[in-house]
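The values are calculated or read from the model by the stated rules, or taken from the named source; none is laboratory data. The shown structure was predicted, so the numbers you read here are calculated from the model rather than taken from an experiment. Counting neighbours? That spans all protein chains shown, and the Cβs are built from the backbone with ideal geometry, glycine included. When the accessible area is computed, the model is the full protein with side chains, heavy atoms only, and any ligands, DNA or RNA have been set aside. Shrake-Rupley method; radii C 1.70, N 1.55, O 1.52, S 1.80 Å.
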Amino acid sequence: AKANGKNQVVVFDAHLRAASEQSLRIESELWLALERGELRLFYQPIVELASGRTVGAEALVRWQHPQRGLLGPADFIDVAESTGLVVPLGGWVLAEAARQLARWDADGLAPMQMAVNVSARQLGGDVLLQQYRSAVDAAGCAPQRLEIELTEHTLVDNVDVNLRLLNRLRDWGVSIAIDDFGTGLSSLAYLKHLPVNKLKIDRSFVDGLPGDAGDHAIVSAAVSMAHALGMQVVAEGVETRAQADVLCGLHASLAQGWLFGRPVDAQAFAQRLRDQDAA
Ligand code: C2E
Ligand code: CA
Ligand code: CA
Ligand code: CA
């Protein structure tokens, strides 16, 4: 048994080493990817539930890897977070999202709002304010158009610091959304002090609709609370018509999910907007 135990330690150690070598490799490649312009943004429609019309988009980062093909955040975002690379990455995402809004304006598409994901790592000092300012200024895009999404977890940590930062953004007219709502145990008392415009209900609760009574109660309560606090609701991860119908009945106004559209590149998203305008 003793020898066995020792072997297990050796095997475990080898796994750990392989994992850390893998993450070192991703780290150094990700630096190059930023320099070489291998990152891309994909856009997922945010629709008005009542009409099905696309009223906005969420920008989601992808990595066009020279050997491994198109990678999603699951393949690299943890490494980016743990090494701090997510800070320059997040700056690029803001800049590219603002540039894309300006390109679509120039192409004559109807103006809409775009949401970008912001990491807790970007909240240190004035990093986010600087990244945001230079993104919208360089693109000539109104701050009202570029919304930021912060997870409930990110918001709950460092409430005081975040409040100061969020109030600055609010002064500029920036819309703020709480992402993955329902996973972070935030109290009602604390939410009411945050300058938040939107509440995105986490996919894990939408998944259980229409069958799960607990999920139904949670979504219903979240919608009521959001409305009482003057926030809009976005239901995330809507995959079926039955889910959309329940959400509509609960008066959630906006939704996002595969039922309405998967994340696609800028060209495909623009085509979607044109088709909608033509219809
Ligand atoms: P998120 O912000 O919660 O984004 C929604 C994720 O759910 C996206 O995954 C999207 O493709 C996926 N999704 C959308 N609709 C459905 C659906 O109906 N069913 C299912 N099963 N999934 C759906 P993605 O693009 O892989 O992104 C995963 C996470 O990576 C994001 O979760 C976000 O936390 C993070 N992320 C993405 N882009 C960025 C970024 O630019 N910066 C930072 N810091 N994080 C990012
Ligand atoms: Ca998000
Ligand atoms: Ca989310
Ligand atoms: Ca999520």
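The number of residues in the range 211-231 that are acidic (Asp, Glu) and open to solvent by 40 Å² or more (accessible area, probe 1.4 Å) comes to 1.
So is Ala59 open to solvent by less than 80 Å² (accessible area, probe 1.4 Å) and farther than 30 Å from Leu199 by Cβ or not? No; evaluated as a whole, the condition is false for this residue.
Matching residues to (1) out of contact with any helix residue (DSSP H, G or I) (no Cβ under 6 Å at 6 or more places or on another chain); (2) of a type in the set (Lys, Arg):
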site	(1), (2)
Ala222	yes, no
Ala235	no, no
Arg241	yes, yes
Arg262	yes, yes
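Of the listed requirements (1) more than 15 Å from ligand 1 (Cβ to nearest atom); (2) among the hydroxyl-bearing types (Ser, Thr, Tyr); (3) surrounded by 16 or more Cβ atoms within 10 Å (Cβ to Cβ), Ser28 misses just one: (3).
In this structure, Ala221 does satisfy being modelled with pLDDT under 95 and either in a loop (DSSP other than H, G, I, E, B) or out of contact with any His (no Cβ under 7 Å at 6 or more places or on another chain) (or both).
Among the criteria (1) farther than 18 Å from Asn117 by Cβ; (2) open to solvent by 70 Å² or more (accessible area, probe 1.4 Å); (3) without any contact (Cβ under 8 Å) to a residue 40 or more places away in the chain, the one Ala74 does not fulfil is (1).
Here is a check on your reading of the model: is Val234 within 13 Å of ligand 1 (Cβ to nearest atom), within 30 Å of Tyr132 (Cβ to Cβ) and part of a helix (DSSP H, G or I)?
Values: within 13 Å of ligand 1 (Cβ to nearest atom): yes; within 30 Å of Tyr132 (Cβ to Cβ): yes; part of a helix (DSSP H, G or I): no.
Spelling it out, it is not the case that Val234 is within 13 Å of ligand 1 (Cβ to nearest atom), within 30 Å of Tyr132 (Cβ to Cβ) and part of a helix (DSSP H, G or I).
In the range 50-69, the residues that are within 16 Å of ligand 3 (Cβ to nearest atom) reach residues that are part of a loop (DSSP other than H, G, I, E, B) and of a type in the set (Phe, Trp, Tyr) with C-beta atoms within less than 9 angstrom, at least six apart or across chains, in these pairs: Val61/Phe76.
For Gln271, the conditions (1) open to solvent by less than 60 Å² (accessible area, probe 1.4 Å); (2) under 30 Å from Leu71 (Cβ atoms); (3) at pLDDT 95 or above all hold with the exception of (1). Gly261 passes every criterion in (1) outside any helix (DSSP H, G or I); (2) within 14 Å of ligand 3 (Cβ to nearest atom); (3) not aliphatic (A, V, I, L, M) apart from (2). Only a single item in (1) free of Cβ contacts under 8 Å to residues at least 40 places away in the same chain; (2) within 16 Å of ligand 3 (Cβ to nearest atom); (3) out of contact with any Ser or Thr (no Cβ under 9 Å at 6 or more places or on another chain); (4) not in a helix (DSSP H, G or I) is not met by Ala226, and it is number (4).
Scan (1) under 30 Å from Leu247 (Cβ atoms); (2) more than 16 Å from ligand 3 (Cβ to nearest atom); (3) of a type in the set (Asp, Glu) for the single condition Glu96 breaks and write down its number. That leaves (1) as the condition not met.
With respect to Ala142, determine if the residue is within 14 Å of Trp92 (Cα to Cα), away from ligand 3 (no atom under 16 Å from the Cβ), in contact with a helix residue (DSSP H, G or I) (Cβ under 8 Å, 6 or more places away or on another chain) and among the small types (Gly, Ala, Ser). Steps first, please.
Numbers: within 14 Å of Trp92 (Cα to Cα): no; away from ligand 3 (no atom under 16 Å from the Cβ): yes; in contact with a helix residue (DSSP H, G or I) (Cβ under 8 Å, 6 or more places away or on another chain): yes; among the small types (Gly, Ala, Ser): yes.
Answer is no for this residue.
When the range 246-256 is filtered for residues that are without any contact (Cβ under 8 Å) to a residue 60 or more places away in the chain and farther than 19 Å from Asp212 by Cα, nothing remains. With (1) more than 14 Å from the chain's Cα centre (by Cα); (2) within 16 Å of ligand 3 (Cβ to nearest atom); (3) not small (Gly, Ala, Ser) as the list, and Ile148 as the residue in question, which single condition is left unmet? Condition not satisfied by Ile148: (1). Kindly indicate whether Ala110 is within 16 Å of ligand 2 (Cβ to nearest atom) and surrounded by fewer than 20 Cβ atoms within 10 Å (Cβ to Cβ). Against the criterion (within 16 Å of ligand 2 (Cβ to nearest atom) and surrounded by fewer than 20 Cβ atoms within 10 Å (Cβ to Cβ)), Ala110 does not qualify.
The set of residues from the range 204-218 being assigned to a helix (DSSP H, G or I) and charged (D, E, K, R) comprises Asp207, Asp215.
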